[in-house]
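J.: Take a look at the following structure, please.
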Amino acid sequence: MTSLDFNLAKLLIWLHLRQVPLELFTRSGLSYIASAIGVPLYMDRITASFQRLAYAKVCVEIDVTSEIPSTIEVRMKDGSPVSITVEVPWHPQRCTNCSLFGYSSKTCQRKPAVVTKTWVPKQVKRTVHEKKEEVVYGSNDGKEMKKLWSHLQEVEEMYKDAPWLLEGDFNVSIHPEESSNYYEGQTITMEMQKFVDCRNQIVVYDHAAAGPLYT
């Protein structure tokens, strides 16, 4: 019988992140938070589709030396601190003698070795490249649309140096010809102008498309 060779020095676990600000409830924001514990891999479908905002469920890879804190302190762009609560539904057993997951030190058959540790300060520089993706469904209400334009401008300030993909239904067009009610000589409306102004401020561009302008 051939034994299976598993790497038990690393393991995948699910985290529940609570009290996450809406500004960070994105793929890149949750990845940034989870990286304080391990290597973020993916989130569950409900979190990815924003159907549950009470907590975010994220899968990370940890090694046997990883310590999982009960909270993660994050500083927002305006300088205000935010405390993210970390919950772990399942805590894997780990052996500190063997540095492996799967069993505890109490059941380990090896005797712990005497190790002398020497602290050596090390400077680590980490570069993070983030990609921002925003899905929008605009409201027909003028006040709600104004809030949307302000929100997009705030997001653009937060991820100014990162690639950004903006998609969805804004319930307003940029050109009058894109409306099924268009008539010759129609001019741009106030709502359309505000949409254009927002697009220019956040520096995004229309993706080239072919086919009917509307359905």
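The values are calculated or read from the model by the stated rules, or taken from the named source; none is laboratory data. These numbers come from a predicted model, not from an experiment. All Cβ positions, even for glycine, are placed from backbone atoms using ideal geometry, and neighbour counts span all protein chains on display. The accessibility values were calculated without ligands, DNA or RNA, using every heavy atom of the protein model including side chains. Shrake-Rupley method; radii C 1.70, N 1.55, O 1.52, S 1.80 Å.
J.: Quick one: what pairs do we get from region 74-101, first residue surrounded by 12 or more Cβ atoms within 10 Å (Cβ to Cβ), second aromatic (F, W, Y), C-beta under 6 Å, 6+ apart or different chains?
T.: Going by the 6 Å Cβ cut-off, the qualifying pairs are P92/F101; Q93/Y103; R94/F101; C95/Y103.
J.: Can you tell me which residue is most open to solvent (accessible area, probe 1.4 Å) among those in region 1-21 that are outside any strand (DSSP E or B) and at pLDDT 90 or above?
T.: Per the stated criteria, the residue is Q19.
J.: I'd like to check something: does region 111-128 contain any residue that is under 17 Å from I37 (Cβ atoms), modelled with pLDDT under 75 and either open to solvent by less than 100 Å² (accessible area, probe 1.4 Å) or β-branched (V, I, T) (or both)? It would help to see each step written out before you state the result.
T.: At the first step, the residues of region 111-128 found to be under 17 Å from I37 (Cβ atoms) are 124, 126, 128.
Add one more test, that the residue is modelled with pLDDT under 75, and what stays is 124, 126, 128.
Now restrict to residues that are either open to solvent by less than 100 Å² (accessible area, probe 1.4 Å) or β-branched (V, I, T) (or both): 124, 128.
Yes: one or more hits.
J.: Being open to solvent by 90 Å² or more (accessible area, probe 1.4 Å) and modelled with pLDDT of 80 or more is the requirement here; does K57 meet it?
T.: Working: open to solvent by 90 Å² or more (accessible area, probe 1.4 Å): no; modelled with pLDDT of 80 or more: yes.
Judged against the criteria, K57 is not a match.
J.: List, please: which pairs have Cβ atoms under 9 Å, are six or more places apart or on different chains, and start with a residue in region 42-61 that is in contact (Cβ under 8 Å) with a residue 40 or more places away in the chain and within 19 Å of V135 (Cβ to Cβ) and end with one that is assigned to a strand (DSSP E or B) and of a type in the set (S, T, Y)?
T.: V58/Y42
J.: Considering only residues that are open to solvent by less than 50 Å² (accessible area, probe 1.4 Å) and part of a strand (DSSP E or B), which ones fall in region 60-73?
T.: Matches in region 60-73: V60, I62, I72.
J.: Among the residues of region 38-54 satisfying the criterion of being open to solvent by 80 Å² or more (accessible area, probe 1.4 Å) and in a loop (DSSP other than H, G, I, E, B), which is nearest to Q19 (Cα to Cα)?
T.: Of everything passing the filter in region 38-54, L53 is nearest to Q19 (Cα to Cα).
This table checks each residue for (1) closer than 30 Å to Y32 by Cβ; (2) at pLDDT below 75; (3) touching a Phe, Trp or Tyr at 6+ places or on another chain (Cβ under 7 Å).
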| site | (1), (2), (3) |
| --- | --- |
| M158 | yes, yes, no |
| W164 | yes, yes, no |
| E167 | yes, yes, no |
| E184 | no, yes, no |
| T187 | no, no, no |
| M190 | no, no, no |
| V196 | no, no, no |
| A209 | no, yes, no |
| T215 | no, yes, no |
